[in-house]
1. If packing is taken as the average number of other Cβ atoms within 10 Å across a peptide's residues, how do 112-123, 47-58, 90-101, 183-194 rank, most packed first?
2. Over 32 Å between Cα atoms, which of K120/K234; K47/K194; K135/K206; K120/K166; K42/K183 qualify?
3. Grab the Cα-Cα distance for S215 and S193, subtract it from 0.36 nm times how many residues apart they are, and report the gain in nm with one decimal.
4. Each residue of segment 40-56 in turn: what ³J(HN,Hα) in whole Hz from Karplus with 6.51, -1.76, 1.60 and θ = phi - 60°, glycine and Pro shown as x?
5. As a footprinting exposure proxy, order Y83, Y40, Y154 by other Cβ within 10 Å, with the fewest listed first.
6. Rounded to whole Hz and in sequence order, give me ³J(HN,Hα) for segment 173-178 from the Karplus expression 6.51 cos²θ - 1.76 cosθ + 1.60, θ = phi - 60°, writing x for Gly and Pro.
7. Work out from phi, with θ = phi - 60° and the Karplus expression 6.51 cos²θ - 1.76 cosθ + 1.60, the ³J(HN,Hα) of each residue of segment 217-229, listed in order in whole Hz, and give x for Gly and Pro.
8. If you find the alpha carbon centre of segment 51-89 and of segment 180-234, how far apart are they in angstrom?
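Just so it is clear, none of the values below were taken in a lab; they were calculated from the coordinates. All of these numbers come straight from a predicted model, not from anything done at the bench. We place every Cβ from the backbone using ideal geometry, glycine too, and count neighbours over all the protein chains shown.
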Amino acid sequence: MHKISIDSSPFKMSIMKKYISLLILLGFIYVSGTAQSEKYLKVMQEKVSQVDQARTVEAWQELANSFERIGETEKDQWLPFYYAALSRVMMGNMIANGQTGGFADKTDPEADKAEQLLAKALALTSENSELWCVKKMIATLRMMADPMSRFQTYGMAASAALQKAKQLDPLNPRVYLLEGQDKFFTPEQFGGSKTEAKALFEESIKKQETFKPASAIHPGWGLSQATYFYDQCK
């Protein structure tokens with residue numbers, strides 16, 4: 001009967017040790033990556049849940065700072081930068097408080113910061129409807145700070161960004177919310193219409209009913225805003 005011999009030469013033993021070490025290292029990387037991913041999702045879910053509840057400059061500033069910190073830690077994720085940029089725009093809108101003109105010195109810094117944050121998100125995923133919605137919001141914030149001198153530049157930029165957002169995802173409810181707000185706030189002599197605005201807000205609400213975000217931390221905000229403006233059109 002032949003005995004089965006196991007080659008235990010130093011060379012092959014060395015290869016085996018390296019192979020085992022590699023498996024251990026890969027296992028460690030996997031576990032570490034999973035733990036990091038779970039931590040990221042947990043903190044993002046906590047902050048994203050606050051987006052539709054923020055109602056003050058201070059609340060939006062806290063969210064903006066939190067999302068930016070997350071983004072600087074998770075540099076390959078576009079969502080933290082998206083939410084940070086969105087929060088900065090909303091801060092600007094709260095500062096403007098429904099006024100038209102005369103506040104560029106207060107809102108332009110927020111628009112500048114929002115653009116910087118959005119650029120980081122766009123560098124990760126440029127063909128993204130949600131990012132183009134925020135790009136539209138930034139342009140609108142700049143325009144409303146001084147409509148008479150800025151309409152040609154930022155009014156056109158806002159319109160182009162919104163059309164790009166709609167082209168990338170015609171089912172995105174936020175596209176119709178923003179379009180409705182344009183109609184709502186624009187005077188009738190310049191193309192505004194409460195009737196058309198109401199129809200757009202209704203469309204946004206309907207699309208929210210069937211819209212399914214890619215995950216619990218992907219954009220899903222806008223229903224409360226669309227409902228509010230819809231009621232204002234009655």
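1. Going from most to least packed, we get 112-123, 90-101, 47-58, 183-194.
2. Those over the limit are K120/K234; K47/K194; K42/K183.
3. Working: separation 22, 0.36 × 22 = 7.92 nm, distance 3.52 nm.
Extra length available between S215 and S193 comes to 4.4 nm.
4. 4, 4, 5, 5, 5, 4, 4, 6, 4, 5, 8, 4, 7, 9, 5, 9, 10
5. Y40, Y154, Y83
6. x, 5, 4, 6, 4, 5
7. So the Karplus estimates, Gly and Pro as x, are 10, 7, x, x, 6, x, 5, 5, 5, 4, 5, 4, 5 Hz.
8. Cα centroid to Cα centroid, the span is 22 Å.
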